[in-house]
Amino acid sequence: MRMDPHLLRTLVAVVEHRSFSAAAQALGYTQSAVSQHIAALEADLGAKLVERRPVGPTAAGERLMEHARPLLLRLDAARADLARLHTVRTTSLTVVCTPAALTPSLAAALARVRRAAPGLAAGVRVLGPGEVVRAVVTGEADLGLVDGAAAPNDPLPLPDAGPMVTVTVAEEPLAVLLPAGHPLAGRAALRLADLADAHWIDAPDTAVPLAQLRAAAHADGFRPRLAYGGSDLRGLARLVAAGHGLVATGLTAAAGEPGTVAVRVRAPRLVHRTEAVHPRTPAGPVPALVEALGHTG
């Protein structure tokens with residue numbers, strides 16, 4: 001069993017695009033080459049991996065995809081980690097962050113670093129948590145900022161994507177964002193389990209994932225009434241205000257939106273934390289930005 005990474009990349013592309021031709025275009029191959037890759041991988045593993053009409057993974061293909069994505073990510077991370085040994089970047093800085101991590105503190109810290117290095121070219125992109133980690137370990141970004149909920153002494157549940165350093169830069173109470181007219185909106189704090197049967201908005205890139213709330217509360221429920229795929233916290237708050245469902249996020253991020261009330265979670269004991277993520281060998285401006293975040297977070 002060779003498990004050629006080139007063939008695995010082709011499988012991932014075909015499954016994600018649900019098309020052999022679209023996968024070929026994305027990878028820069030001919031459609032014939034993509035078909036040959038899939039056939040070779042199926043012959044190697046002795047199992048059909050992709051249904052041809054319509055295009056989609058078989059049960060065996062689904063199972064292999066669970067391994068393929070993290071394996072390919074670790075290979076990309078290894079390549080980037082070795083490249084950093086011979087590359088020192090001091091004139092540019094790329095930051096990726098989750099929506100709730102794009103705070104005034106980040107803006108102030110970045111301004112502080114740029115004042116100390118006037119020629120620094122900086123860029124900021126907003127991504128989901130998994131994409132932030134992927135961008136950092138593969139070298140697409142110099143620093144990532146990820147927010148999420150965790151027990152006070154536990155790290156955030158980040159994907160194991162390769163060697164990286166995590167530093168807590170901010171921590172605050174976890175809160176549930178409710179419509180202003182909600183029966184629990186007047187409380188000073190609430191138990192997460194009391195809202196297990198409420199309607200929720202599924203916004204995993206912008207708020208705490210519902211599966212994590214379910215696990216933390218040790219309760220079934222937390223079912224989505226609406227799926228939100230954006231990265232705009234204000235837009236998400238508007239959906240809450242209109243009664244489409246609830247979301248959990250940091251108290252600061254949730255507070256102050258018209259038509260909503262942010263109520264702190266008192267049980268289970270959880271915090272909303274923002275962690276900086278960077279490679280073991282960070283680019284020149286990264287330590288200064290992490291230090292500045294520590295002073296402003």
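Based on this model, can you work out whether Val124 counts as under 17 Å from Leu289 (Cα atoms), more than 10 Å from the chain's Cα centre (by Cα) and at pLDDT below 90?
no
So if I check each of Pro57, Pro104, Pro5, which one is in contact with a strand residue (DSSP E or B) (Cβ under 7 Å, 6 or more places away or on another chain) and at negative phi?
Being in contact with a strand residue (DSSP E or B) (Cβ under 7 Å, 6 or more places away or on another chain) and at negative phi holds for just one of Pro57, Pro104, Pro5, which is Pro57.
With Ala203, Ala161 as the choices, which residue is within 25 Å of Gly123 (Cβ to Cβ), at pLDDT 95 or above, under 16 Å from the mean Cα position of the chain (by Cα) and open to solvent by less than 60 Å² (accessible area, probe 1.4 Å)?
None of the other options fit; the residue is Ala203.
Just a yes or no: is a residue in the stretch 268-275 open to solvent by 30 Å² or more (accessible area, probe 1.4 Å) and at positive phi?
no
For the stretch 203-297, give me every one of the strands (runs of 3 or more DSSP E) that falls completely inside it and has 1 or more residues that are out of contact with any strand residue (DSSP E or B) (no Cβ under 8 Å at 6 or more places or on another chain) and without any contact (Cβ under 8 Å) to a residue 60 or more places away in the chain.
Numbers: elements: 224-227, 247-250, 260-267, 271-278.
Answer list for the stretch 203-297: none.
Do you know which residues across the stretch 37-77 are touching a helix residue (DSSP H, G or I) at 6+ places or on another chain (Cβ under 9 Å) and either among the hydroxyl-bearing types (Ser, Thr, Tyr) or open to solvent by 70 Å² or more (accessible area, probe 1.4 Å) (or both)?
Lys48, Glu51, Arg52, Glu62, His67, Arg69, Leu71, Arg74, Leu75
Of everything in the stretch 138-184 that's assigned to a loop (DSSP other than H, G, I, E, B) and among the acidic types (Asp, Glu), which residue is nearest to Ser92 (Cα to Cα)? Walk me through how you get there before you give the answer.
As a first pass, look at the stretch 138-184 and keep what is assigned to a loop (DSSP other than H, G, I, E, B): 138-142, 151-164, 180-184.
Next cut, among the acidic types (Asp, Glu) only: 140, 142, 154, 160.
Working: Glu140: 12, Asp142: 9, Asp154: 32, Asp160: 27 Å.
Looking at residues that are assigned to a loop (DSSP other than H, G, I, E, B) and among the acidic types (Asp, Glu), I get Asp142.
Being under 22 Å from Leu71 (Cα atoms) and either open to solvent by less than 30 Å² (accessible area, probe 1.4 Å) or over 11 Å from the mean Cα position of the chain (by Cα) (or both) is the requirement here; does Ala150 meet it? Can you show your working first?
Working: under 22 Å from Leu71 (Cα atoms): no; either open to solvent by less than 30 Å² (accessible area, probe 1.4 Å) or over 11 Å from the mean Cα position of the chain (by Cα) (or both): yes.
Spelling it out, it is not the case that Ala150 is under 22 Å from Leu71 (Cα atoms) and either open to solvent by less than 30 Å² (accessible area, probe 1.4 Å) or over 11 Å from the mean Cα position of the chain (by Cα) (or both).
Which numbered condition trips up Leu143, out of (1) exposed (fewer than 15 other Cβ atoms within 10 Å of the Cβ); (2) touching a residue at least 24 places away in the same chain (Cβ under 8 Å)?
Tallying (1) exposed (fewer than 15 other Cβ atoms within 10 Å of the Cβ); (2) touching a residue at least 24 places away in the same chain (Cβ under 8 Å), Leu143 fails exactly one: (1).
On the given criteria, is Arg52 within 29 Å of Val136 (Cβ to Cβ) and among the basic types (Lys, Arg)?
The answer is no for Arg52.
Of the residues in the stretch 243-267, how many are surrounded by fewer than 21 Cβ atoms within 10 Å (Cβ to Cβ) and touching a His at 6+ places or on another chain (Cβ under 6 Å)?
Qualifying residue count for the region: 0.
Looking at the stretch 147-175 only, could you name the residues that are touching a Leu at 6+ places or on another chain (Cβ under 6 Å), of a type outside the set (Asp, Glu) and within 30 Å of Ala188 (Cα to Cα)?
Correct list: Gly148, Ala149, Ala150, Val169, Pro173, Leu174, Ala175.
Could you tell me whether any residue of the stretch 208-216 is over 16 Å from the mean Cα position of the chain (by Cα), at pLDDT 95 or above and surrounded by fewer than 19 Cβ atoms within 10 Å (Cβ to Cβ)?
Checking the stretch 208-216: not a single residue is over 16 Å from the mean Cα position of the chain (by Cα), at pLDDT 95 or above and surrounded by fewer than 19 Cβ atoms within 10 Å (Cβ to Cβ).
The values are calculated or read from the model by the stated rules, or taken from the named source; none is laboratory data. All values derive from a computational prediction rather than experimental measurement. So basically every Cβ, Gly included, is an ideal-geometry build from the backbone, and we count neighbours across all protein chains shown. Just the protein is used for accessible areas: all its heavy atoms, side chains included, with ligands, DNA and RNA removed. Shrake-Rupley method; radii C 1.70, N 1.55, O 1.52, S 1.80 Å.
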